[in-house]
């Protein structure tokens, strides 16, 4: 049974875990996460010059996807506003209230953003108050040939429009908006339409970073 929660969440895992006590729903979610993670890994095998050093799950909820990536990437990191518990390699942070948004990922004293070879954003983008700001930070942490996965509810469907009434959703993202936004930050992107569940279409974007870096000042 769904309950009202007075916090803003990022990861789909986190929302489901707090909104539902039904174990069956939680298991279905894990199965869904595995399908999307497997699809992203398959995509990575076709990315030229792909490296498997570092992986970031933005809006990770718990550490389920990080565990799925064990043995696939050398380093696995998750970030969420409120994971709900202490998980290995999961950082608690709000990208929009920190004085320096990605400061926990600085790689040295000169505050160079740490770079991730692969970034996974599964039903988190629609929870961001500012999608453009989110992509600024994502792009700053990925060099040329980096791989990116984004999944969002299809904004052109009743499913996409309906969920914007949720207190944790800020954006209704269409295929055109998703594609254009990623291209704007230097990604070559392909978007597929999938079914989250019957009657609930979503968009899966697979993208390759085509340019080196992206300044947060731009």
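The values are calculated or read from the model by the stated rules, or taken from the named source; none is laboratory data. Note that the coordinates shown come from a computational prediction; the quantities given were computed from them, not determined experimentally. Note that each Cβ is placed from the backbone with ideal geometry, even for glycine, and that neighbours are counted across all protein chains shown.
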Inset, instruction - Considering only residues that are under 20 Å from residue 46 (Cα atoms) and out of contact with any helix residue (DSSP H, G or I) (no Cβ under 8 Å at 6 or more places or on another chain), look in region 188-218 and name the one that is modelled with the lowest pLDDT. - result: 212
Inset, instruction - From (1) touching a helix residue (DSSP H, G or I) at 6+ places or on another chain (Cβ under 9 Å); (2) farther than 22 Å from residue 69 by Cα; (3) surrounded by 14 or more Cβ atoms within 10 Å (Cβ to Cβ); (4) at pLDDT 75 or above, pick out the condition that doesn't hold for residue 133. - result: (1)
Inset, instruction - Kindly provide the set of residues from region 170-192 that are surrounded by fewer than 22 Cβ atoms within 10 Å (Cβ to Cβ) and under 15 Å from residue 149 (Cβ atoms), ordered by number. - result: 179, 181, 185, 188, 189, 190, 191, 192
Legend entry - Within region 103-126, tally of residues that are at pLDDT below 85 and either over 20 Å from residue 184 (Cβ atoms) or surrounded by fewer than 14 Cβ atoms within 10 Å (Cβ to Cβ) (or both): 11
Inset, instruction - Name the single residue, out of those in region 49-61 being in contact with a helix residue (DSSP H, G or I) (Cβ under 6 Å, 6 or more places away or on another chain) and crowded, with 24+ Cβ neighbours inside 10 Å, that is farthest from residue 146 (Cα to Cα). - result: 61
